[in-house]
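The values are calculated or read from the model by the stated rules, or taken from the named source; none is laboratory data. All values derive from a computational prediction rather than experimental measurement. Neighbour counts run over all protein chains shown; Cβ positions are idealised from the backbone, glycine included.
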Amino acid sequence: MFAECDELSLRVIVSVADGGLNSTDIETKTKIPASKLEGICSLLTDAKLIKQSDGVFTLCDDPNELTLYDALNRITNWQRWPSCPVDIDDHSDDLCPLHRRLENISVFVERQLRGSTVAALLSDPEHSRPLCNKLQES
């Protein structure tokens, strides 16, 4: 449902939100190959989501305020279904059943992303920490 670039970007954002990491540590923590990580870090730097200083990447925004929606929207133009893209006259006033369902799914996903901050992911008591093995948590 999400492009690989989006998911990899979120991995990097979450990994550096807890404190600065160099590219080797990000690669190890996120399991993103170096060949892809350079491009992802460049994309996130251009989107002003992360910054690099002395070889260490950090999050630009406060993780308590940065939502997953905001992060993804800076990387990708998140779009929903305002009208039926097939351009059929009968569908001009309303979405067809297919695109209505896709729109409903998009609304749900957008709500989840808007309601999830990076900090909330890191402190979710119901689940394990993102990008951490249980042995590494202690």
- Message: Among the residues that make up the stretch 7-28, is at least one of them surrounded by fewer than 21 Cβ atoms within 10 Å (Cβ to Cβ), more than 20 Å from Glu110 (Cβ to Cβ), over 12 Å from the mean Cα position of the chain (by Cα) and of a type in the set (Lys, Arg)?
- Response: no
- Message: Testing Arg111 on (1) under 25 Å from Asn22 (Cβ atoms); (2) free of Cβ contacts under 8 Å to residues at least 60 places away in the same chain, one condition comes back false. Which one is that?
- Response: (1)
- Task: Can you work out which of the residues in the stretch 53-81 that are within 26 Å of Asn104 (Cβ to Cβ) and charged (D, E, K, R) is surrounded by the most Cβ atoms within 10 Å (Cβ to Cβ)?
- Result: Arg74
- Members of the stretch 1-56 found to be touching a strand residue (DSSP E or B) at 6+ places or on another chain (Cβ under 9 Å) and basic (Lys, Arg), listed by number: Lys29, Lys51
- Query: From Leu135, Leu113, which residue is part of a helix (DSSP H, G or I) and at pLDDT below 75?
  - Reply: Leu135
- Task: Six or more apart or on different chains, Cβ under 6 Å: which pairs go from a residue in the stretch 1-26 that's farther than 18 Å from Ser116 by Cβ to one that's in a loop (DSSP other than H, G, I, E, B)? Could you list them?
- Result: Asn22/Gly55
